[in-house]
Amino acid sequence: MTSLPRAQVAENPDSLLADPIAWFLAEHHRHRQFCDLMQRASIATGFEPDLIAWLLKFVVEDLSLHVLDEEQDLFPLLRARAEPEDSIDALLGRLTGEHEKDLLRAAAVRRHLETCLRLQVPISGNNVRRRSLQAFATQERSHLALENAAVLPIARLRLSERDLANLSRRLAARRDITRRPAGRSTDAKAVTR
Ligand SMILES: [Fe+2]
Ligand SMILES: [Fe+2]
């Protein structure tokens, strides 16, 4: 392997939490990079333990956190603030259904990655494992595109400064970030409320 995935998929800085919509956009960008690495891992002919271990960590930690961010915080806020013309219930209903399927698929992907690490074999050596990773990446890309195109613009339009500040605080709390997210002065003030 020429470069470690950690260097290719940088963590978002905590300060970005001061603008939670920008945070979600940046997270989605990271998830797209994760999908690219899943595709790469699925066809690699050699055993790449660092890459597989990084993918496993992302599936177990980052994906789960992200679904909680949306299902417990962003989506309920949007349901409360959206206007009828936003058709938010149909949109979020579809995305919630995809989250449920994603978590089931992610459990399968996790087992495949763990198996490859244990046996020290590449993913491409087994068609079931290879197809599972590729299907997951394809579905995830489509999900991210819909959220970027439809959900985040509505959030930007409908959420108040107070909503954004509360969202920022909840995202930070989920990550156990005790220091206040720094950033826009109005938000920095708001998160202390
Ligand atoms: Fe999502
Ligand atoms: Fe998302």
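The values are calculated or read from the model by the stated rules, or taken from the named source; none is laboratory data. None of the values given here were measured: they were computed from a predicted structure. Cβ atoms come from the backbone with ideal geometry, glycine included; neighbour counts cover every protein chain shown.
Here is how the numbers come out for the structure above:
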| item | result |
| --- | --- |
| Condition check for residue 25: within 12 Å of ligand 2 (Cβ to nearest atom), modelled with pLDDT of 95 or more, part of a helix (DSSP H, G or I) and surrounded by fewer than 19 Cβ atoms within 10 Å (Cβ to Cβ) | yes |
| Failed item, numbered, when residue 32 is tested on (1) surrounded by fewer than 19 Cβ atoms within 10 Å (Cβ to Cβ); (2) more than 12 Å from ligand 2 (Cβ to nearest atom) | (2) |
| Flag if residue 18 is within 14 Å of the chain's Cα centre (by Cα) and either closer than 24 Å to residue 177 by Cα or surrounded by 13 or more Cβ atoms within 10 Å (Cβ to Cβ) (or both) | no |
| Residue satisfying condition, being under 25 Å from residue 49 (Cβ atoms) and touching a residue at least 40 places away in the same chain (Cβ under 8 Å), within set 139, 120 | 120 |
| Within the range 35-51, tally of residues that are in contact with a Leu (Cβ under 7 Å, 6 or more places away or on another chain) and closer than 14 Å to residue 9 by Cα | 4 |
| In the range 57-69, the residues that are buried (at least 18 other Cβ atoms within 10 Å of the Cβ) and in contact (Cβ under 8 Å) with a residue 60 or more places away in the chain | 69 |
| Condition check for residue 51: touching a Lys or Arg at 6+ places or on another chain (Cβ under 8 Å) and crowded, with 20+ Cβ neighbours inside 10 Å | yes |
| The listed residue being hydrophobic (A, V, I, L, M, F, W, C), at pLDDT 95 or above and surrounded by fewer than 16 Cβ atoms within 10 Å (Cβ to Cβ), out of 117, 78, 159, 91 | 117 |
